[in-house]
Amino acid sequence: MSVSAPLRTPRRRPGGPSVGRPGAVWALPAALFFLFFAVIPMGLVAYLSFTSWNGLGTPQFVGAQNWQRLAGDPVMHQGVLLSLGLTVGSWAVQTPISMLLGVWAAGPQRNRAVLAAVFFVPLLLSSAAIAIIWKALLDPNFGPLARIGPWLGLDSVSLLGSPSGAFAVIVFVSAWQFIPLHMLLYQGGARQIPASLYQAAEIDGASVPRRFLHITLPQLRNTITTSSVLMVVGSLTYFETVLILTGGGPGTSTSIVPYLMYRFGFMGYEMGYASAIAFTLVIVATAVSLVMVRLTGFGSMRSTREGM
Amino acid sequence: MAAMRAARAIAVATALGVVATACGSGGGAAGDETLDVWMYQDSLVVVQQGAVERFNEGSGAQAVITEVPGDSYQDKLRTSMGSGDQPDVFFNWGGGSIRSYVEADMLLPLDDMMEADPEFQESFIPSVMEAGRIDGVQYGVPMRGTQPVILFYNEELFEQVGAEPPETWEDVLALVETFTQEDITPFVLAGATAWTEQMWLQYLVDRNGGAEVFQRIQSGDPEGWRDPAVLESAQMVRDLVDSGAFGDNYGSVSYTEGAASALLAQGEGAMHLMGSWEYSTLLDQAPEFAEDGLGYVAFPAISGGEGDPANVVGNPANYFSVSADSPVEDAAVDFLKQTSSDAYVRDMIENGEVPTTTNAADLLDLSPSPDFATFQYEMVQNAPHFQLSWDQALPPSVSEGMLTEIQKLFNGQSTPEQFVDAMAGLQ
């Protein structure tokens, strides 16, 4: 009888009572918001992905039909490849540039601050405005490119009209827009690196590239993870620029997954199928960021100052 | 269950009560009824505003126009129809643009109204009425000018090379050669969007195989795309593209931003296949060119083709439809009759539209450009068949895929054979 009840020892941390430690109740407002604006809609999307619905009347339950179609749809397969291409391309273009710019901007001189502010401007523009501006700049008949092109020996430059050109433009424009944000992250990261490390290296006679490779880069590893996760998830869900700049075209050559979701849902009125795409995107983006965080050891929050 | 039944009984009783009150108050005093009319927002809405004013004077109900910005019109309409907060009367493109509403029983059949008023029915050109019909039932009344696709050309460039506008396909091919040799793009094409490219295929399929080819597809048989006329037309498109008929940067030219019309007006391109609205676009953008340098002809005939060379493609008109559960159904139907009134037709003509009513011919002199208006009116009047634009005729789930495939064909991302296979695979 005395052993039947489980022994309950209150878990108390050493160091006294948990005074001032927030209870679960404090999380309630945020949890409710998350429930109403994230969890429930996501649940609805998951349900819709098993229905056929054109936006009118009641959704018809169709079982796994949308998911089967998703698995066998060549348009989707291409969309997934394009999304992967965009993700890898964006990462490969944006990471080195924003790291170099960020580290450079972390320096002490006055002119750097001014230039860093100028570099930051693209991030202040809305995506829609950026897409419209670049569309006008790249116009093959009336844009500046059409005037400059002939001097450079390019007779007719139709970047947005050619499949590979349009894709390259998307990668470029997203880099132009988002490098400032990542530059800022790297600038912050680089400023955290203790100057004593560089001073020691300088005394040892290490060259600038060596110092970058052996001090800056390892010290920035948490920043690299943060910035990379943002880039990857951002590229997977990249949308407005594609809609305005290329409309997924020419043909399907820039129809990345989020654009296809929009096309099927709001242009073709196949809400069930679009929901299946949307849900896939949620799963993939979550999985990718979790894996990245896990693989890089970011989750354990290992300090960059170990051993100092 | 019992509660449900009780609730329903109350609802019915209330409805009856409302009807009784309405009757009791005597016909004329129903002035508090409002009729919500949704319009696509553009400069031509003045015509409908005039109609609303006249209607409101003579009727108990008050019609009110809601102008919905163009790009989002279909989305907004869809949302409001789906949420049960639908307009009483709304603008649409007929065909596939209203089919899903008909299938969901959301539109009012207008056959009874037409039969009760044959004079109204007969006031429209028959080929135009057709696109407002779904499965043989009339759901739309033409309410805007007709918009056939016409071949526009730059007269000065034709004089320069000493050529005549094309009448046959052989002429087209010869002109492509003539103009490319002169370093002039033979045809302007706004290929950044696929609907401009679609116009070419629509005409080619119609000329090659006749109107029946697409009618079969429209009736829901995707195998219709395997008709030899479709493959032949796709091949002709490829030949045109390969011979440089559209130049080499048509893929980045957009119509809505005015680039295509500017190319024609500035003499960079010799011809432009476009909807009749191109005339008013040019009148707005380059008035001198529109008045003195712009020529227009029907799409050329194809020798050996089965289609009637007088057939026309484009948008026969836009339509007004009535929501099935509109509380002011009678007033809504009554409002539709404005569209054939003399005042309405006159307003349309004065605003540069070419009406779809049979009695419009005498009034065309009132148009800001009578020659063009007459040409367009006769073209439509004499057409044995007026094919509604494919992307409007087919349900949205199909037309989106179709537009993509058309663009791939033009861009050389698929062969004519692959194009036909892909089209037949769309459901």
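The values are calculated or read from the model by the stated rules, or taken from the named source; none is laboratory data. Model, not experiment: these values are computed from the prediction. Positions of Cβ are generated from backbone atoms using ideal geometry, with glycine treated the same way; all protein chains shown enter the neighbour counts.
Tabulated values for the structure
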| quantity | calculated |
| --- | --- |
| Of residues in segment B:309-354 being acidic (D, E) and touching a helix residue (DSSP H, G or I) at 6+ places or on another chain (Cβ under 7 Å), the one surrounded by the fewest Cβ atoms within 10 Å (Cβ to Cβ) | B:E350 |
| Residue check, B:V68 crowded, with 23+ Cβ neighbours inside 10 Å, hydrophobic (A, V, I, L, M, F, W, C), away from every other protein chain (no Cβ under 14 Å) and at negative phi | no |
| B:E103 more than 14 Å from chain A (Cβ to nearest Cβ), surrounded by fewer than 18 Cβ atoms within 10 Å (Cβ to Cβ) and closer than 29 Å to B:L201 by Cβ | no |
| Test: residue in segment B:376-390 that is surrounded by 23 or more Cβ atoms within 10 Å (Cβ to Cβ) and over 26 Å from B:V345 (Cα atoms) | yes |
| Residue match in segment B:198-207 (condition: assigned to a helix (DSSP H, G or I) and within 14 Å of chain A (Cβ to nearest Cβ)) | yes |
| Single condition B:K408 does not satisfy, out of (1) among the charged types (D, E, K, R); (2) within 11 Å of chain A (Cβ to nearest Cβ); (3) under 30 Å from B:T358 (Cβ atoms) | (3) |
| Given (1) part of a loop (DSSP other than H, G, I, E, B); (2) of a type outside the set (D, E, K, R); (3) closer than 15 Å to B:F386 by Cα, number of the condition B:S303 does not satisfy | (3) |
| Every residue from segment B:209-255 that is within 14 Å of chain A (Cβ to nearest Cβ) and free of Cβ contacts under 8 Å to residues at least 24 places away in the same chain | B:D248, B:N249 |
| Any hit, segment B:168-183, residues being on the phi < 0 side of the Ramachandran plot and assigned to a loop (DSSP other than H, G, I, E, B) | yes |
| Some residue of segment B:77-93 being part of a loop (DSSP other than H, G, I, E, B), modelled with pLDDT of 90 or more and within 14 Å of another protein chain (Cβ to nearest Cβ) | yes |
| Filter result for the condition that a residue is in the same structural domain as B:E103 (by the TED database) and either within 23 Å of the chain's Cα centre (by Cα) or closer than 27 Å to B:P396 by Cβ (or both), over B:G209, B:G140 | B:G140 |
| Test: A:G55 is under 24 Å from B:D75 (Cα atoms), among the small types (G, A, S) and within 14 Å of chain B (Cβ to nearest Cβ) | yes |
| Residues within segment A:23-54 that are small (G, A, S) and under 9 Å from A:S275 (Cα atoms), tallied | 2 |
| Tally of residues being over 26 Å from B:I349 (Cα atoms) and touching a residue at least 12 places away in the same chain (Cβ under 8 Å) across segment B:41-79 | 4 |
| Test: residue in segment B:218-230 that is more than 19 Å from B:E405 (Cα to Cα) and touching a helix residue (DSSP H, G or I) at 6+ places or on another chain (Cβ under 6 Å) | no |
| Top-ranked residue in segment B:188-205 [being over 17 Å from the mean Cα position of the chain (by Cα) and within 18 Å of B:I302 (Cα to Cα); ranked as surrounded by the most Cβ atoms within 10 Å (Cβ to Cβ)] | B:V205 |
| Subset tally (residues that are surrounded by fewer than 20 Cβ atoms within 10 Å (Cβ to Cβ) and over 22 Å from the mean Cα position of the chain (by Cα)) for segment A:269-291 | 0 |
| Enumerated helices (runs of 4 or more DSSP H) restricted to segment B:327-390, each holding at least 1 residues that are under 28 Å from B:A290 (Cα atoms) and touching a residue at least 12 places away in the same chain (Cβ under 8 Å) | B:342-350, B:370-381 |
| Complete set of residues in segment A:136-147 that are among the small types (G, A, S), modelled with pLDDT of 80 or more and part of a helix (DSSP H, G or I) | A:A136 |
| From the options B:A270, B:A245, residue that is assigned by the TED database to the domain that holds B:G210, outside any helix (DSSP H, G or I) and over 30 Å from A:I244 (Cβ atoms) | B:A270 |
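Each row is one residue, and each column tells you yes or no for (1) surrounded by fewer than 21 Cβ atoms within 10 Å (Cβ to Cβ); (2) within 11 Å of chain B (Cβ to nearest Cβ); (3) touching a Gly at 6+ places or on another chain (Cβ under 7 Å); (4) part of a loop (DSSP other than H, G, I, E, B).
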residue	(1), (2), (3), (4)
A:W134	no, no, no, no
A:G149	yes, yes, no, no
A:G161	no, yes, yes, yes
A:I170	no, no, no, no
A:V173	no, no, no, no
A:I193	yes, no, no, yes
A:A200	yes, no, no, no
